[in-house]
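Remarks on the structure that follows.
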Amino acid sequence: MTILITGGAGFIGANFVLDWLAQSSEAVINLDKLTYAGNLETLASLQGDARHIFVQGDIGDSALVDGLLARHRPRAVLNFAAESHVDRSIHSPEDFIQTNIVGTFRLLEAVRAYWNELEGEAKAAFRFLHVSTDEVYGSLGAADPAFTEDHRYEPNSPYSASKAASDHLVRAYHHTYGLPVLTTNCSNNYGPCHFPEKLIPLMIVNALASKALPVYGDGMQVRDWLYVKDHCSAIRRVLEAGRLGEVYNVGGWNEKPNIEIVNTVCALLDELRPKVDARSYSTQISYVKDRPGHDRRYAIDAGKIERELAWRPAETFESGIRKTVQWYLANPEWVAHVQSGAYRDWVQTQYASV
Ligand code: NAD
Ligand code: DAU
């Protein structure tokens, strides 16, 4: 048995591959384009493990995907691959349209052709799981109830609009062609191996480098935070028992304003790696110009996945953020290679003799 995952060298995908192979003998075909966000160093511990087959390539490359499906006959395809950073989508949306919309469309077409040829039990058991985001639902007011799966789509950034389009395509492939799909819409993840362009890892690495900690606007935007390994367990559970064609919201019941997140990171660093002058890292906080179109509040109602699939997050925010800060302190080499760009040489260095 084999699964094919896309985007498995990114933050969540790589955590998923590591978690999967820690508890399953089932092989993983990992298709990743290795954009700036793809980092095979995160998967270094799998070197020589025959259960992990890495393929560098684009989900939009139909011939490549057709070939992988024909050769490896996966029982499921999990689509993590995406351009994922809102700020980058504001500066240059084109890549988001190409990967998140066109790429997902081409992937769906390849999977549909493959699934059509399956028979019997293999056809009945096949799944396409699409990993999406709470950002497709738009922004909430302070007193609004959290997003349920029935909340209407109101994406506000080029990133969230492109993810919304991909969700609609996935839905349509189920409705029109009967493709056995599942979709998860998750809140903000954090944890090990998170690229330091996103809030939490950026704050950790900037704090340690004595740089400013840039807080957008008034810092009172609210996000719901989920430890990445809890997202991975939710995806495994949906793959295992989710109802076909259904959407599952995934979240940690951890709504927090950004400034509180930044202060928590600073307090943990003050405790775990105090500055020589004994001043708090929070003195490095700097309020900067707001993100254009910045969504004010996201909140996930994870009631459906809890009720139907008995999934619960294992970490509280307090335990998860401590583990995260500890991971960054224990892995300065991973951070240094990301900052220097050396992580992009990893494929050549590591696989030169293969
Ligand atoms: P990421 O940016 O860290 O990783 C994305 C990965 O996809 C990278 O390894 C990149 O090389 C790869 N990729 C990009 N374009 C590709 C293409 N055309 N073909 C093949 N591979 C390609 O993203 P992430 O934070 O790990 O997010 C993974 C998925 O989860 C995304 O679909 C994202 O929308 C979704 N999501 C993320 C969060 C979050 O907080 N990070 C929350 C909810 C949902
Ligand atoms: O909600 C799920 C989404 O969470 C995912 O779909 C996205 O892929 C993921 O990137 C994330 O999007 P956000 O825009 O919420 O994440 P980001 O880490 O970029 O920002 C989190 C909040 O922190 C947001 O309100 C903007 C703010 N921020 C971010 C950065 C990078 C700052 O105040 N300063 C910063 O420097």
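The values are calculated or read from the model by the stated rules, or taken from the named source; none is laboratory data. Bear in mind that the values here come from a model prediction, so they are computed numbers and not experimental data. Using ideal geometry, Cβ is built from the backbone for each residue, glycine included, and neighbour counts are taken over all protein chains shown. To get the accessible areas, we keep the full protein, side chains included, count just its heavy atoms, and leave off ligands, DNA and RNA. Shrake-Rupley method; radii C 1.70, N 1.55, O 1.52, S 1.80 Å.
Return the residues of the range 13-56 that are touching a residue at least 60 places away in the same chain (Cβ under 8 Å) and either closer than 26 Å to A122 by Cα or touching a Phe, Trp or Tyr at 6+ places or on another chain (Cβ under 6 Å) (or both); say none if nothing qualifies. Matches in the range 13-56: G13, F16, D19, W20, A37, N39, L40, E41. For first residues located in the range 246-259 and free of Cβ contacts under 8 Å to residues at least 24 places away in the same chain, partners that are surrounded by fewer than 22 Cβ atoms within 10 Å (Cβ to Cβ) and among the aliphatic types (A, V, I, L, M) and lie 6+ apart or on another chain with Cβ distances below 8 Å do not occur.
Kindly check whether there is at least one residue in the range 123-145 that is small (G, A, S), at pLDDT 95 or above, closer than 28 Å to K256 by Cβ and more than 16 Å from ligand 2 (Cβ to nearest atom). Yes, the range 123-145 contains at least one residue that is small (G, A, S), at pLDDT 95 or above, closer than 28 Å to K256 by Cβ and more than 16 Å from ligand 2 (Cβ to nearest atom). Reported count of residues in the range 1-58, each being open to solvent by less than 20 Å² (accessible area, probe 1.4 Å), more than 9 Å from ligand 1 (Cβ to nearest atom) and either under 19 Å from L107 (Cα atoms) or assigned to a loop (DSSP other than H, G, I, E, B) (or both), is 6. Within the range 192-221, the set of residues being under 19 Å from Y298 (Cβ atoms) and near ligand 2 (Cβ under 8 Å from one of its atoms) comprises E197, K198, L199, I200, L202, M203, V215, Y216, G217, G219, Q221.
Apart from one condition, N189 fits all of (1) away from ligand 1 (no atom under 15 Å from the Cβ); (2) assigned to a strand (DSSP E or B); (3) of a type outside the set (A, V, I, L, M); the exception is (1).
Of all residues in the range 113-159, those satisfying the criterion of being free of Cβ contacts under 8 Å to residues at least 60 places away in the same chain, in a loop (DSSP other than H, G, I, E, B), open to solvent by 60 Å² or more (accessible area, probe 1.4 Å) and not aliphatic (A, V, I, L, M) are E119, D150, R152, Y153, E154. Residue count for the range 275-332 under the criterion of being assigned to a loop (DSSP other than H, G, I, E, B), of a type in the set (G, A, S) and loosely packed, with under 13 Cβ neighbours inside 10 Å: the result is 4. Yes or no: the range 103-112 includes at least one residue that is more than 14 Å from ligand 2 (Cβ to nearest atom), more than 23 Å from A234 (Cβ to Cβ) and without any contact (Cβ under 8 Å) to a residue 24 or more places away in the chain. No; the residues of the range 103-112 include none that is more than 14 Å from ligand 2 (Cβ to nearest atom), more than 23 Å from A234 (Cβ to Cβ) and without any contact (Cβ under 8 Å) to a residue 24 or more places away in the chain.
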